Amino acid sequence: MHTAERRSNKAEPGSGAKPLSVPLLLLMLLVLTRLTRYTRASLFHVGSDSSPIDLDPSKLVALMALGLIVAAMLIWPRRRLISVDLPLRFLLIFYVYTFISAVFGYDTRSSLVFSLQMTQWVVLYLLVISFTRDRADLSRWGTMSLIGTIVVLAAMVGDIVAPNTTIGAGVAGRPTWVYLEIYPRWAIFFLGFALHYAFHGRRSGKRAFGLGAIGACLLTVYLSARRAAPVGVLLVIGIYTLLAGRRNRALWAMIAAVVALGAIAVAVNPQYAERLSSIPLIGGETSVIDDSERVLQYLVGLELFVENPVSGVGLGGATQWTYDNYGVKIAQHSLILKLASELGFVGLVLYGLFIASGIKLAFIALRNRQAEGDVVGHSWSAAVISSLFGMLFWAQIQPSLEELPIYLAIGLASATAEVYTTAEADRG
């Protein structure tokens, strides 16, 4: 490898910055519109609790980005504009399978609607890996993540200050507290990138921004009073430290401080005390099955999987099945159980291959940067991996199959591997 090329590999993502492409800018705007309940609301809200056209700003932005790439393909038919990687192949097979499962599912019409809604995540993943082409683009995603921590914290504070407002509450008229789960999820996603810039930012301003972003993530988690959020924070920090900061004393000191201060903060927060007391056997209840709605969700998911082990009841079919059989709509709050109960063993394996292939690509990038002695690139790869595992953890607590973070995390993992293991000239 030439000396100049080796220096390029050791530079921070974005050191040879080229102009930001319009499609990539649109994708980042799309992500930012998913961070607050106001920008997630349908633009065509009709009636008090329904909307015939669920078209929120993020879908409009996605359509604009897709339109640009289609137009470019028509103008330059010989130019390679779309990337198709291994995770996308598995995702496409999974996507097609959801329609097949719907045909044999419990409520075919409803399942077909849910399958159609999966289209947006397939398209978004395609756009992320197609438009993230070099180190400069990776750096821009990192900057967007830092900005995202401030947006999420501001939205969190806004919903606490004005909890009764219904503006932008969503097409289903969901209450404010539903969105308090969204904010810590994004805070955990952004935390890995905040760690990267705090300890390996190229400039002092970026390092300061990274430290501030870490604080914003931790404050968002604290204000949310979600029981799983502190665990997600420790998981992200722990994975990042093991992969990129085992010799960094400052990082270990920060972990100790976060654990100590976090334990104190949770102990003195009455909202956390109330939510922790609702956990069976911790809050005084003696029956796990009778007193825990979450455990009931798991049991129902297992029941559905046992009865329909191969193809499941169709995407989204579990909710209707539980309503018809138990008189209440029960959603699966575990990605594994949701896949197993609604799409059977086949769907579980296909989606698992999508995730596993993304993880493999992320570790390929990590090993590549380590072999090159690229400390900054190694840290970035560790940040991507830690955020991805943070989202996989969260997916076992809250349903995430039809949410953006997992697809964005795997898309960035794939793009990182492509950028760090392929000459940038080949990407262009």
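Each reported figure results from applying straightforward, stated rules to the coordinates on display, with no laboratory input. What you see is a predicted model, and the numbers here were worked out from it, not measured in a lab. Virtual Cβ from ideal backbone geometry, glycine too; neighbours counted across all protein chains shown.
Tabulate in residue order the Karplus-calculated ³J(HN,Hα) for the stretch 211-222, using 6.51 cos²θ - 1.76 cosθ + 1.60 with θ = phi - 60°, rounded to whole Hz; enter x for Gly and Pro.
My calculation for the stretch 211-222 gives 5, x, 5, 4, x, 5, 4, 5, 5, 4, 4, 4 Hz in order.
What does the charge add up to near residue 359, with Lys and Arg as +1, Asp and Glu as -1, over the other residues with Cβ less than 14 Å from its Cβ?
Every neighbour counted, the sum reads +1.
Quick one: Karplus J couplings for the stretch 129-141, per residue in order, coefficients 6.51, -1.76, 1.60, θ = phi - 60°, nearest Hz, x for Gly and Pro?
Per-residue couplings from phi come out as 6, 7, 9, 8, 10, 8, 5, 5, 5, 4, 4, 5, 4 Hz.
Non-local amide H neighbours of residue 315 (under 5 Å, H modeled in plane, Pro and chain starts lacking H): which ones?
Hits under the 5 Å cutoff: 102.
Return the loop-located trypsin sites (Lys or Arg not before Pro) in the stretch 179-221 (DSSP other than H, G, I, E, B) with at most 14 other Cβ atoms within 10 Å of their own Cβ; answer none if there are none. Can you show the working numbers first?
Numbers: sites: 185, 202, 203, 206, 207; in loops: 202, 203.
When the trypsin sites (Lys or Arg not before Pro) of the stretch 179-221 are filtered for loop state and at most 14 Cβ neighbours within 10 Å, 203 remain.
Got a sec? How would 111, 400, 21, 386 order by Cβ neighbour count within 10 Å, fewest to most? Before the final figure, lay out each step's value.
Values: 111 26, 400 20, 21 17, 386 29.
By the 10 Å Cβ count, ascending, the order reads 21, 400, 111, 386.
Fewest to most neighbouring Cβ within 10 Å: what's the order for 335, 66?
On the way: 335 24, 66 17.
Placing the least packed residue first, the sequence is 66, 335.
Over all alpha-carbon pairs of the stretch 352-428, lay out the pair-distance distribution in 10 Å bins, whole %, shortest bin first.
Binned Cα distances yield the sequence 20, 48, 25, 7, 0.
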